Structure formats: C-alpha cells, structure tokens
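Chemist: My questions will all concern the structure given below.
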Amino acid sequence: MLGGLLYWQFVIAEGAHLGARVVVALYDRFAQRYDRVKNFDPQVEADTLALPLTVALAAVEAPRVLDVAGGTGRLARALLPQIAFDGEVTVLDLSRPMLTQGRPHAAPWPRRAHWLQAPAAALPFAAATFDAVACLEALEFLPSARAALAECARVLRPGGVLLVTNRVGFEAWLMPGKTFSRAAFRRLLGELPLEAVEAQRWQVEYDLIWARKK
Ligand SMILES: C[S@@+](CC[C@H](N)C(=O)[O-])C[C@H]1O[C@@H](n2cnc3c(N)ncnc32)[C@H](O)[C@@H]1O
C-alpha cells in the first residue's frame, strides 16, 4: 500500500502533489537521464513544434522566444537549427541540472540561446517582452498552472504566439487536481487575453494548444 502510494507520487505524478521543491529535486536527480528517456525524434520535434512556430513568426524579424519550464532546451534545440528561424530562445527552468544538460546542445548558437534558472510563477521579464512563449509538458508539475499561464500571457506581446500543452489521457487521471479536462483547460485559457485558440492531439498523452495574444 505504502509502496504503491510512493510509486504514484514520486514516479507517476513526479512529485506534482508535493510542491515545487520536490518536483525540482526529482528533476535535478533525473536530469542526466532525461533526454535518453524522452528520446525525442528530431524530425517530429521539427514537424510539430519548430516548423509551425517558425511559420507563425515569419513576419517578425529576429523573434524572441521564451520556453517556460523548458528543461533541457527541447524547443531551443528544435528551433535554432531551422534556417528560417533567425531569432533567440530563452530556456527558463527551476532545475539547474536540467539547464546544464541542455546548454551544450545549443553551443553552435552561443548568442541566440539563453539559459535561466527561475520559477514559472514569477517570470523575471517585463510585460510584452516575447514574440512567442511556450510551456510544454510542464503545467501539471507546477504549483499553479493558472498562475504560470497568466505569467506566460503577461510576458507575451500583443499578437504573439502562445504554445502550451494540456495533459490528457489515462495518466491525466492519475494526477487529480493537477490536470484539466479539455473543457476546463479551454475555460482556463478563456480567462486570458487570447484569441485564435486551436488544440491538436499530440504525443498520445497531450494536447498541443496554439493561441495568439489579443
Ligand atoms: C516534463 S519536464 C518538461 C521539460 C520540457 N518542457 C520538455 O518538454 O522537454 C518538466 C520541467 O518543469 C520544470 N519545473 C518544475 N517545476 C518548475 C517551476 N516551478 N518553475 C520552473 N520550472 C519548473 C522541471 O525542472 C522540468 O524541467
């Protein structure tokens, strides 16, 4: 019984119900193995994230992109190799080891990738700083998805692109209070100054949601 409870909280829910310190401590310990376990397919990352985002930002010269709870720099690593993307990516995460793992992968673009240890709930940027803000596979692990989304919207400029995921499917049921039904997530986004909200199925366990700030 106790073993099952611990497995649920520490392995399946990754500490999500136990607060930011536990979540980040787990990611600190797991950082060296993260990329190997996730085994991201570069082509899928390009097709589903980098290319659509590059197209969405095509009218912006040198766009500024923020990846909140960006971990080992998944989005930066997909975006920076795109020939049509001439902007900068800031990867923000509370786990320093996660950032440390990702940084060498962006070495070919030293002035276009920035790595910052900070909490998603209080982004250290002025309002309307970024042309695009992403938060991928992370909202369910944060102390408050609502607060993090509000911060994402705050630092996004009007007309900018918001790209977030909502965990769905079986594992979402195992994280009560940390995940949202599709309708509830749409209502949550409805509290923010967003338009053109579009959701697509993504990676089995997630919906990928695109929106523009009004
Ligand atoms: C499942 S990983 C996702 C990483 C990345 N977005 C991706 O898709 O590969 C969740 C990330 O959220 C980060 N994280 C957890 N709590 C955080 C917080 N309160 N503020 C910022 N980052 C946090 C973790 O350190 C971890 O890197």
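We did not get these values from a lab; they are worked out from the coordinates using the rules stated. Here the structure is a predicted model, which means the values were calculated and not measured. Because the Cβ atoms are built from the backbone with ideal geometry, glycine has one as well, and the counts that use them run over all protein chains shown.
Chemist: Exactly one of these conditions fails for Met98: (1) under 25 Å from Trp202 (Cα atoms); (2) touching a strand residue (DSSP E or B) at 6+ places or on another chain (Cβ under 8 Å). Give me its number.
Modeler: (2)
Chemist: Give the residue that is surrounded by the most Cβ atoms within 10 Å (Cβ to Cβ), with candidates limited to residues of the stretch 1-29 that are closer than 24 Å to Thr100 by Cα and more than 19 Å from the chain's Cα centre (by Cα).
Modeler: Restricting to residues being closer than 24 Å to Thr100 by Cα and more than 19 Å from the chain's Cα centre (by Cα), the top hit is Phe10.
Chemist: Is it the case, given these coordinates, that Ala148 is assigned to a helix (DSSP H, G or I), surrounded by 16 or more Cβ atoms within 10 Å (Cβ to Cβ) and away from the ligand (no atom under 12 Å from the Cβ)?
Modeler: Judged against the criteria, Ala148 is not a match.
Chemist: Can you pull out the residues in the stretch 61-75 that are basic (Lys, Arg) and buried (at least 24 other Cβ atoms within 10 Å of the Cβ)?
Modeler: none
Chemist: Could you please give the count of residues in the stretch 104-131 that are under 16 Å from the mean Cα position of the chain (by Cα) and more than 14 Å from the ligand (Cβ to nearest atom)?
Modeler: Final tally of qualifying residues: 4.
Chemist: Let me spell it out: the conditions are (1) out of contact with any Pro (no Cβ under 6 Å at 6 or more places or on another chain); (2) farther than 17 Å from Val161 by Cβ, and Asp28 meets all of them except one. Which number is the exception?
Modeler: (1)
Chemist: Taking the stretch 24-72 on its own, how many of its residues are hydrophobic (A, V, I, L, M, F, W, C), in a loop (DSSP other than H, G, I, E, B) and within 12 Å of the ligand (Cβ to nearest atom)?
Modeler: 2
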